[in-house]
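As structure tokens, the structure follows; a few thoughts come after it.
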Amino acid sequence: MSAGLFTASLVYGLFDIDFSNTEAITKLVLKSFVTATVTGLILGIMNMFLKIGNFQK
């Protein structure tokens, strides 16, 4: 999930930036990485606490 979110936000952001500006590219990569990491952590924590009981086989 996080890898897909990182890639999607990176590709989406590439349509809006100027490729000659290295600061904008660096900022876009860091922003995508932080967004994906935070979202992954939140979903992982929710998964730990909101699991629905153990299913019997």
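The values are calculated or read from the model by the stated rules, or taken from the named source; none is laboratory data. Model, not experiment: these values are computed from the prediction. Here Cβ is always computed from backbone atoms with ideal geometry, including for glycine, and neighbour counts include all displayed protein chains. In case anyone asks, the SASA skips ligands and DNA or RNA and just uses the protein heavy atoms, side chains included. Shrake-Rupley method; radii C 1.70, N 1.55, O 1.52, S 1.80 Å.
All conditions but one from (1) within 11 Å of the chain's Cα centre (by Cα); (2) open to solvent by less than 60 Å² (accessible area, probe 1.4 Å) apply to residue 17; the one that does not is (1). The residues on offer are 51, 27, and the sole one that is at pLDDT 90 or above, of a type outside the set (S, T, N, Q) and over 8 Å from the mean Cα position of the chain (by Cα) is 27. Scanning segment 15-33 for residues that are basic (Lys, Arg) and over 20 Å from residue 4 (Cβ atoms) yields one hit, 27.
Among the residues in segment 22-30, are any surrounded by 10 or more Cβ atoms within 10 Å (Cβ to Cβ) and part of a loop (DSSP other than H, G, I, E, B)? I'd like the intermediate steps shown before the answer.
Keep residues of segment 22-30 that are surrounded by 10 or more Cβ atoms within 10 Å (Cβ to Cβ), which gives 24-30.
Next, only the ones that are part of a loop (DSSP other than H, G, I, E, B) stay: none.
No, segment 22-30 has no match at all.
Examine segment 42-49 for a residue that is open to solvent by less than 60 Å² (accessible area, probe 1.4 Å) and not in a loop (DSSP other than H, G, I, E, B), and state whether such a residue exists. Looking through segment 42-49, at least one residue is open to solvent by less than 60 Å² (accessible area, probe 1.4 Å) and not in a loop (DSSP other than H, G, I, E, B).
Every residue in segment 1-21 that is within 27 Å of residue 47 (Cα to Cα) and in a loop (DSSP other than H, G, I, E, B), please. Write out each step before concluding.
Initial filter on segment 1-21 (within 27 Å of residue 47 (Cα to Cα)): 1-10.
Across segment 1-21, the qualifying residue is only 1.
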